[in-house]
């Protein structure tokens, strides 16, 4: 009996260590993907790809935890956001809503996984809906925070034209890439067997 308890504790500790390692790797992936950018009002980055891939590969709770840790690191000042930036000011700035939107995107994907499953079609649909959640949250945030040089506020139509429409095709390509990579059976089996 004592041997069984000890074995269970060892297994739990091993899984916890593996979970932490995978979460840390995902945080690093999201950070690196945020640094690969094309500057714009809302920079073109690969963050969306990394967020979706992390949740798709690691599963709901580990993937969502990775996204949350990424946001908290950035808020604490670690240079994990685009342009090697970080800090609460960046997070509370006009484009911070898109970063915060990643968390709600991950939560939505987790809900889909828990309620419907993990088949490719479900993952793809959850990513598209999660992208819409990120767009909606980020755009509403942008409209409420952004103030032009003349002191004027931007309307939702103008914000969508700057912050969403130019990104739709690239983001759909990122979703396709995340679906493709997360469908690799060997990779999925390796990550899943560790958690």
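Name the one entry in 91, 131 that is in contact with a helix residue (DSSP H, G or I) (Cβ under 6 Å, 6 or more places away or on another chain), free of Cβ contacts under 8 Å to residues at least 40 places away in the same chain and surrounded by 15 or more Cβ atoms within 10 Å (Cβ to Cβ).
91
Within the range 169-188, the set of residues being closer than 15 Å to residue 129 by Cα and either crowded, with 17+ Cβ neighbours inside 10 Å or within 16 Å of the chain's Cα centre (by Cα) (or both) comprises 171, 172, 173, 174, 175, 176, 178, 179.
When you look at residue 50, is it under 22 Å from residue 181 (Cα atoms), without any contact (Cβ under 8 Å) to a residue 40 or more places away in the chain and buried (at least 24 other Cβ atoms within 10 Å of the Cβ), yes or no? Before you say what the answer is, go through the steps one by one.
On the way: under 22 Å from residue 181 (Cα atoms): yes; without any contact (Cβ under 8 Å) to a residue 40 or more places away in the chain: yes; buried (at least 24 other Cβ atoms within 10 Å of the Cβ): yes.
Against the criterion (under 22 Å from residue 181 (Cα atoms), without any contact (Cβ under 8 Å) to a residue 40 or more places away in the chain and buried (at least 24 other Cβ atoms within 10 Å of the Cβ)), residue 50 qualifies.
Scanning the range 25-45 for residues that are touching a residue at least 40 places away in the same chain (Cβ under 8 Å), surrounded by fewer than 20 Cβ atoms within 10 Å (Cβ to Cβ) and either in contact with a strand residue (DSSP E or B) (Cβ under 7 Å, 6 or more places away or on another chain) or within 21 Å of residue 188 (Cβ to Cβ) (or both) returns 37, 44.
Being under 18 Å from residue 28 (Cβ atoms) and not in a helix (DSSP H, G or I) is a condition met by no residue of the range 98-119.
Assess whether residue 159 counts as being modelled with pLDDT of 90 or more and surrounded by 16 or more Cβ atoms within 10 Å (Cβ to Cβ). Break it down into steps so the answer makes sense when it comes.
Numbers: modelled with pLDDT of 90 or more: no; surrounded by 16 or more Cβ atoms within 10 Å (Cβ to Cβ): yes.
So residue 159 fails the test.
Might you check whether a residue that is out of contact with any helix residue (DSSP H, G or I) (no Cβ under 7 Å at 6 or more places or on another chain), assigned to a helix (DSSP H, G or I) and at pLDDT 95 or above occurs anywhere in the range 64-72? Within the range 64-72 (the criterion being out of contact with any helix residue (DSSP H, G or I) (no Cβ under 7 Å at 6 or more places or on another chain), assigned to a helix (DSSP H, G or I) and at pLDDT 95 or above), the answer is yes, since at least one residue qualifies. Scanning the range 73-88 for residues that are in contact with a helix residue (DSSP H, G or I) (Cβ under 7 Å, 6 or more places away or on another chain) and surrounded by fewer than 17 Cβ atoms within 10 Å (Cβ to Cβ) yields a total of 2.
The values are calculated or read from the model by the stated rules, or taken from the named source; none is laboratory data. All figures in this text were calculated on a predicted structure; none of them were measured in a lab. Every residue, glycine among them, receives a Cβ derived from its backbone with ideal geometry; neighbour counts consider all protein chains shown.
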